[in-house]
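Here is the structure we will look at, set down as structure tokens.
Any read-out appearing in this document is the output of simple, stated calculations on the displayed coordinates, not a laboratory observation. In this text the structure is predicted, and so the values were computed from the model without any measurement. Here the Cβ is made from the backbone with ideal geometry for all residues, glycine too, and neighbour counts use every protein chain on show.
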Amino acid sequence: MAFKTKIFSGILEGIDANLMEVEVNIAQGLPGVSIVGLPDKSVEESKERVKAAMQNSGFGFPQDKVVINLAPADIKKEGSHYDLPIALGILAANSQLSIPENALFLGELSINGDLRRVNGVLALACLAKQKNLESIYLPQDCAWEAKLVKGLNVFPVKSLREIVNHFLGRKKIKLFSGAIKIIKESREQIDFSLVAGQELAKRGLEIAASGNHNVLLNGPPGAGKTMLARAFISILPDLNLEQSLEITKIYSVTGLLKDDGLIIRPPFRSPHHTASEAAIIGGGTNAKPGDVTLAHRGVLFMDELPEFNRRVLESLRQPLEDRFVVVSRAKATYKYPASFILLGAKNPCPCGNLGNPYKSCVCSTSEIIRYQKKISGPLLDRFDIFLELPQVETKELLKEAEGEPSQKIRQRVKLAQSLQRKRFRGLGFYYNSEMGPKEIKKICVLSNEAKKFMQKAISKMGLSARAFHRVLKVSRTIADLKGEDKINLSHLAEALQYRKQDSEI
């Protein structure tokens, strides 16, 4: 006679999750355990972990034929969070306890039966809420993630023995009631007041932060490009709750959520110029998210931009335009969010001294042209603001008075962003840089004087239609910083000064 049971768990697919049923069947036959339903190596090995954990926790393991089916069977199963539902399924099928059907179970078992933390808990908790399940049982170390989902009973579990005693009514597990920690910037930030000179660049970065505009910094070595980029994150306001949950979910699935807490600061990613396309865009064997997704709602800083592989640079064009990236594989296609500020930095030539009044350039004309052509015109067109950084003068370096602090700039940025959030409420986006042609036509209205000025600028600077729209978006952000409803000539003129011709970059 066969004994069978069914328990709910979840499958992680990309940064989302789908419901999975763990079906356990125990029947007469040669002793052994078989896991079916496209398990990977880590799932296949769970039968050994589960067997040892059950025996070391004082529970008998069936001496019959045990078949574990992970349904749906046509989706590959990865990870170690199936250990707990498999163990409970075996115990329930062996008539040792009864498991509720309105709950989700996940957790990795150690050899002695303790539960270890797993990745993707927030995504799995969202799944439980979506499927109208009442409770979730999971390792206590990651119970705070599930608590972020309102209306879900979260049971933090220390060990297999503890959860068995809970279902047998011997000692009930208390609902998780701990406080949610907040993850702030882990490393010390560079304050804007510490950056010597470069006032025009600081103004441009303030505009970029206010409207989420892409920026390209161009200047000789030592001009402060990297320092400004590192300080840029300090003028970005905290994320709202919806954005924080987005980022925390991404970092949880990818296993990068090292601290127990909600991420409220915009992420800052700075890949090395030798990074592969899969590392930047996403992909690999398991189609994991790349840096463009890990920088979602934050900043992707690409120092020495021309040194990146040409294919990597060109692959940025689609996510910069669409605000998401699609990673396709033979068996599945994943869509990852990728709404970030691209902050690029480059030298004017290979040696970096082209146009430097203090040092002579040693590059040949062909080397300079080859270097500048490493960044294609279509990619340059996707930058909203171009900032030229001259060599910092000695008097600026020796100046004792500090510049304007990041906190003061951040307040202005926050005010400008609040105007945009109110303006775009219900449209599915937050910032001026995310406006489409329809919103631009409605919101970025120019006066007759501004239209004539713009016509001359388009003709003289050779702006494309995309560049024209980006100038209008930057103009709108400048107006927001000044708290003005309409775009006037001064806003447009300032936006155009940040828009250089491609040949000048």
Checklist entry - So for the pair Leu168, Arg310, with labels modelled 7 Å out along Cα→Cβ, what separation do we get in nm? => result 6.9 nm
Checklist entry - Nearest 10 degrees, 0 to 90: what angle lies between the long axis of helix 83-93 and the longest principal axis of the chain (Cα atoms)? => result 30 degrees
Checklist outcome for this item: Ordering 10-23, 415-428, 286-299 by per-residue average of other C-beta atoms within 10 angstrom, highest first, gives 286-299, 10-23, 415-428
Checklist entry - Hey, what angle do you get for helix 121-130 against the long axis of the chain, alpha-carbon based, 0 to 90 degrees rounded to 10? => result 70 degrees
Checklist outcome for this item: Going from the fewest other Cβ atoms within 10 Å to the most, one would list Ser270, Ser46, Ser159 as Ser270, Ser159, Ser46
Checklist entry - Here are some values of Rg and Dmax of the Cα atoms in Å: (1) 22.2, 68; (2) 23.2, 72; (3) 27.6, 90. Which one was computed from this structure? => result (3)
Checklist entry - Applying 1/(1 + (r/R0)^6) with R0 = 22 Å to the Cβ-Cβ distance of Phe468 and Leu200, what FRET efficiency is obtained, to the nearest 0.05? => result 0.45
Checklist entry - So if R0 is 41 Å, what FRET efficiency would Lys335 and Val445 give, r being the distance between their Cβ atoms, rounded to the nearest 0.05? => result 0.75
Checklist outcome for this item: Once Val362 and Lys131 are pulled to full extension, the length gained, defined as 0.36 nm per residue separation minus their Cα-Cα distance, is 76.6 nm
Next on the checklist: Using 0.36 nm times the number of residues separating Ala73 and Ile111, minus their current alpha carbon distance, what extension gain do you get?
Outcome noted: 10.9 nm
Checklist entry - Taking Lys451 as the anchor, which lysines have their alpha carbon closer than 16 Å to its alpha carbon, excluding any fewer than eight residues away along the same chain? => result Lys441, Lys442, Lys460, Lys473, Lys486
Checklist entry - In straight Cα distance, which lysines are under 26 Å from Lys395, not counting same-chain residues fewer than 8 positions off? => result Lys202, Lys225, Lys346, Lys359, Lys408
Next on the checklist: Quick check: the angle from helix 406-423's long axis to the longest principal axis of the chain, C-alpha only, nearest 10 degrees?
Outcome noted: 80 degrees
Next on the checklist: Run the numbers for Lys374 and Gln455: contour at 0.36 nm per residue of separation, minus the present Cα-Cα distance, in nm.
Outcome noted: 26.2 nm
Item to check | Label point 7 Å beyond Cα of Lys399 along Cβ direction - residues of region 202-224 with amide nitrogen under 15 Å | outcome: 202-204, 224
